[in-house]
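Peer 1: Sharing a structure, written as structure tokens. Questions coming.
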Amino acid sequence: MELLDFARGPALQFGLYAFVIGTVWRILGILLLAAKPDHSAARKAGGFMAALKVIYTRSFTADAFKQDTLYPKILGYLLHIGLFVTVFLFVPHILFFKGLIGLEWPGLPNNIIFFVGVITAGVGVALLVRRLTNPVLKLISNFDDYFSWLVTMAPIITGIIIPIRFGVRYETLLAVHILSVALLLTWLPFGKLAHAFLVFFSRGTTGLVLERRGAKT
Amino acid sequence: MSAPNPFGESPRGNVEPILNEVMHALDRLLDDGEATVIDLGRLPFGPGEIEELEGQLGTGEIKARLDALGASRIRETIYPGVWWLDHYNTAGELAGRYIEITRVPDILTSQEADIAAGRARLHELISRSEETALQ
Amino acid sequence: MKQKPTLGEVLQAKGVSRRGFLKYCAATASLLALPPAMVPRIAQALEAARRPSVIWLSFQECTGCTESLTRSSSPTLEGLIFDSISLDYHHTLQAASGEAAEAARHAAMEENRGNYLVLVDGSIPLGNPGFSTIAGISNVDMLTETVADAAAVVAIGSCAAFGGIPGANPNPTGAVSVSDLVTDKPVVNVPGCPPIPTVITAVLTQFLTFGQLPDLDHYGRPRAFYGQTIHDRCYRRPFYEQGRFAETFDDEGARKGWCLYKLGCKGPITYNACATVKWNQGTSFPIESGHPCLGCSEPDFWDDGGFYRPVSTARIGGGAAFGTAVAAGAAIGVAAAAMSRRRQQKTIKEG
């Protein structure tokens, strides 16, 4: 049980500290940036509603692009819904969060979580294949993209393996799973995965800018 | 038989697989004359499961009681060739529980060593009574 | 050295019939988790087996392990096994005391040099030899002396196997396990608090029957009994998969016998045979009685952060540290923004 003790203890602690420090750092660091001086007159009075509107509308694809982006869009949604379900609705995970923040919510049966987990892993692989085969996407991908993919997929894959076991002891697999989560937590605020908490700030900012310019959003 | 109930009460994970195992053992007994012993001692039975299994197999035509290092209750179930054996120790505690798929459980047949020992005892009795008669 | 009688001779002298012996062999096969087809081999081996001499040493312990063993009431098949071993020293059970007891131990060691088994319950304090002594001899000295000519050592219970309660944080006596001290002999760990009596007798029976020790896992535990987790063999496992959990000890889930994972059950990470061998002559085991597994056969189970904390919760420090983390993150964030602003100002000025 030594590896599990290390994973559940110091490794996870490090990951969580890195996550908290990094997240607060990135959010404050970005929010406190000075806006670029804009000397033009505003077309419309920008406001909070404009920000909210873009946060909402950018969740869908503009009609002109719908056809071309349908495949990655579906995969993207599946991946994010899958991540939400497996991370937040698996009972042992809920107990983990309860231990951290004291809140608890209902979960789903394990077989459903497992099914969703397998789909999510499959979607993750499909997205990587697309990244590697689409010339444009491949060209604009850097280390951050691939590493972020890896640290996101690692907990999913290791999580799926736990009930299958492959002859490895449960506590070892659990420890590896937790270690992969610690790695994810450590990386999340500093790479492209920071979109987890920055996505709505950036969309809101886009909304404000476009509103000011009088663009149709 | 009732389907394994998904929710509530206690799970019934063991009864059906064991009944299947018994059926395959009967195949082997009929086809090849091969006997099978199923040790029920190391299976993770839930509350009431063993009783359910016992109920499903029922009691057939033969019941035997053995007294050797404690009692043993041996009976054929309603499925001929399928025997239920409960071995108790001298304190009356269950020491082993088996399903045997065979024509007659080995332990019911007289054992060579015991037959020989019995013959010796009988021989001694006869020679002693002959001695008495001669006197 | 006088030749000890074989088990066959012992049973014959007791007037046990061949049927009785076969029944005994069948029970032995069950005990050793061997297939029933092994019964003839067991019969052959047991007939010729000679009673091994056993010396039982009790160190920093609560006598719960001895209780566990003796409460598998006598005379039983287990009792018969004890008839067929020669328990030459056990300071709780033996009639002799004081110097006579120690003389019996020395005599057994002398007579069975290289062939006797040493059973140990309790951990050994290294902090101060005076913490635990028997007949004025410190535990570590007695262990070293007794083990020197033993065939093998069996550490009974979690204290002897892993340090147990005496070894729990902050380990005031400097308690260590048997295997910390005995490195040149085979050591079999039979952990549990207490271990299942059947498992203790099984190890002895294996030695008696086949003259060898069982196959062990990486913690030195017999695989036949510690090869699978409680969770994997638990009859409540289907409820875990279905997501049906007892939330408290007296809610609907508890009454319906649902999974105890949320109440801190350590079944998933605990390797033991409770779910199949069970306790009190096969009556039940803790989970069947409605209480989560404490994980008592695993190392340091006392220090695992609480019996009622679910397996999946983190074992990490409290909220104050996270407050510091938030503050640190905020400080870096503000500093980074300020630096950026300064650079921006500079760029604008330089135009």
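Peer 1: Can we say C:Arg315 is touching a residue at least 40 places away in the same chain (Cβ under 8 Å), assigned to a loop (DSSP other than H, G, I, E, B) and not assigned by TED's automatic domain parsing to the domain that holds C:Ala160?
Peer 2: Details: touching a residue at least 40 places away in the same chain (Cβ under 8 Å): no; assigned to a loop (DSSP other than H, G, I, E, B): yes; not assigned by TED's automatic domain parsing to the domain that holds C:Ala160: yes.
No.
Peer 1: Now, a different point. Would you mind telling me which numbered condition in (1) open to solvent by less than 70 Å² (accessible area, probe 1.4 Å); (2) in contact (Cβ under 8 Å) with a residue 40 or more places away in the chain; (3) within 12 Å of chain C (Cβ to nearest Cβ); (4) touching a Ser or Thr at 6+ places or on another chain (Cβ under 9 Å) A:Ala7 fails?
Peer 2: For A:Ala7, the exception is condition (4).
Peer 1: Continuing with the same structure: Restricting attention to the stretch B:30-51, and to residues there that are part of a helix (DSSP H, G or I), under 16 Å from the mean Cα position of the chain (by Cα) and aliphatic (A, V, I, L, M), which single residue is farthest from B:Asp106 (Cα to Cα)?
Peer 2: If we take residues in the stretch B:30-51 being part of a helix (DSSP H, G or I), under 16 Å from the mean Cα position of the chain (by Cα) and aliphatic (A, V, I, L, M), then B:Ile50 is farthest from B:Asp106 (Cα to Cα).
Peer 1: If you don't mind, another one. What are the residues in the stretch A:83-123 that are of a type in the set (Gly, Ala, Ser) and away from every other protein chain (no Cβ under 13 Å), if any?
Peer 2: Step one: list which residues in the stretch A:83-123 are of a type in the set (Gly, Ala, Ser), which gives A:99, A:102, A:107, A:117, A:121-122.
Within the stretch A:83-123, A:Gly117, A:Ala121, A:Gly122 qualify.
Peer 1: Picking from C:Gly295, C:Gly333, C:Gly317, which residue would you name as being at the interface with chain A (Cβ under 10 Å from one of its Cβ atoms), touching a Gly at 6+ places or on another chain (Cβ under 9 Å) and farther than 30 Å from C:Ile196 by Cα?
Peer 2: Values: C:Gly295 fails: farther than 30 Å from C:Ile196 by Cα; C:Gly317 fails: touching a Gly at 6+ places or on another chain (Cβ under 9 Å).
It is C:Gly333.
Peer 1: Among the candidates C:Arg309, C:Arg341, which residue alone is more than 20 Å from the chain's Cα centre (by Cα) and under 28 Å from C:Gly257 (Cα atoms)? Quick ask: steps written out before the conclusion?
Peer 2: Details: C:Arg341 fails: under 28 Å from C:Gly257 (Cα atoms).
Answer to the selection: C:Arg309.
Peer 1: List the number of the failed condition for A:Val181; all other conditions in (1) touching a residue at least 60 places away in the same chain (Cβ under 8 Å); (2) surrounded by fewer than 16 Cβ atoms within 10 Å (Cβ to Cβ) hold.
Peer 2: If we test A:Val181 against (1) touching a residue at least 60 places away in the same chain (Cβ under 8 Å); (2) surrounded by fewer than 16 Cβ atoms within 10 Å (Cβ to Cβ), just (2) comes out false.
Peer 1: Here's a check for you: in the stretch C:307-324, which residue that is at pLDDT 85 or above and within 24 Å of A:Phe88 (Cβ to Cβ) is surrounded by the most Cβ atoms within 10 Å (Cβ to Cβ)?
Peer 2: So, considering only residues that are at pLDDT 85 or above and within 24 Å of A:Phe88 (Cβ to Cβ), the one surrounded by the most Cβ atoms within 10 Å (Cβ to Cβ) is C:Val311.
Peer 1: Could you please give the count of residues in the stretch C:337-351 that are of a type outside the set (Lys, Arg), open to solvent by 40 Å² or more (accessible area, probe 1.4 Å) and facing chain A (nearest Cβ under 7 Å)?
Peer 2: Matching residues across the stretch C:337-351 total 1.
Peer 1: Within the stretch C:176-243, which helices (runs of 4 or more DSSP H) (wholly inside it) include 1 or more residues that are within 14 Å of chain B (Cβ to nearest Cβ) and touching a helix residue (DSSP H, G or I) at 6+ places or on another chain (Cβ under 9 Å)?
Peer 2: Numbers: elements: C:178-181, C:197-210, C:223-226, C:237-242.
Because the criterion is at least 1 residues that are within 14 Å of chain B (Cβ to nearest Cβ) and touching a helix residue (DSSP H, G or I) at 6+ places or on another chain (Cβ under 9 Å), the helices (runs of 4 or more DSSP H) in the stretch C:176-243 that meet it are C:197-210, C:223-226, C:237-242.
Peer 1: With respect to A:Ala154, determine if the residue is in contact with a Gly (Cβ under 7 Å, 6 or more places away or on another chain) and modelled with pLDDT of 95 or more. Walk me through it before giving the result.
Peer 2: On the way: in contact with a Gly (Cβ under 7 Å, 6 or more places away or on another chain): no; modelled with pLDDT of 95 or more: yes.
So A:Ala154 does not fit the description; no.
Peer 1: Within the stretch B:92-123, take every residue that is open to solvent by 100 Å² or more (accessible area, probe 1.4 Å) and charged (D, E, K, R) and give me the one that is farthest from the other protein chains (Cβ to nearest Cβ).
Peer 2: Ranking the candidates gives B:Arg103 first.
Peer 1: Out of (1) open to solvent by less than 50 Å² (accessible area, probe 1.4 Å); (2) of a type in the set (A, V, I, L, M); (3) out of contact with any helix residue (DSSP H, G or I) (no Cβ under 6 Å at 6 or more places or on another chain); (4) not in a loop (DSSP other than H, G, I, E, B), the odd one out for C:Ala331 is which?
Peer 2: Unmet condition: (1).
Let's see how each residue does on (1) within 16 Å of the chain's Cα centre (by Cα); (2) open to solvent by less than 30 Å² (accessible area, probe 1.4 Å); (3) of a type outside the set (Gly, Ala, Ser):
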position	(1), (2), (3)
C:Val199	yes, yes, yes
C:Phe210	no, no, yes
C:Gly220	yes, yes, no
C:Tyr226	yes, yes, yes
C:Arg237	no, no, yes
C:Glu241	no, no, yes
C:Asp250	no, no, yes
C:Tyr261	no, yes, yes
C:Ile269	yes, yes, yes
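Peer 1: What is the residue count in the stretch A:56-102 for residues that are charged (D, E, K, R), over 20 Å from the mean Cα position of the chain (by Cα) and surrounded by 11 or more Cβ atoms within 10 Å (Cβ to Cβ)?
Peer 2: 2
Peer 1: Further, regarding this structure: For the stretch A:10-42, what are the residues that are farther than 17 Å from C:Ser340 by Cα and open to solvent by 70 Å² or more (accessible area, probe 1.4 Å)?
Peer 2: A:Pro10, A:Phe14, A:Asp38, A:His39, A:Ala41, listed by residue number.
The values are calculated or read from the model by the stated rules, or taken from the named source; none is laboratory data. Please read all numbers here as calculations on a predicted model, not as lab measurements. Reconstructed Cβ throughout: ideal geometry from the backbone, glycine too, with neighbour counts over all protein chains shown. Just the protein is used for accessible areas: all its heavy atoms, side chains included, with ligands, DNA and RNA removed. Shrake-Rupley method; radii C 1.70, N 1.55, O 1.52, S 1.80 Å.
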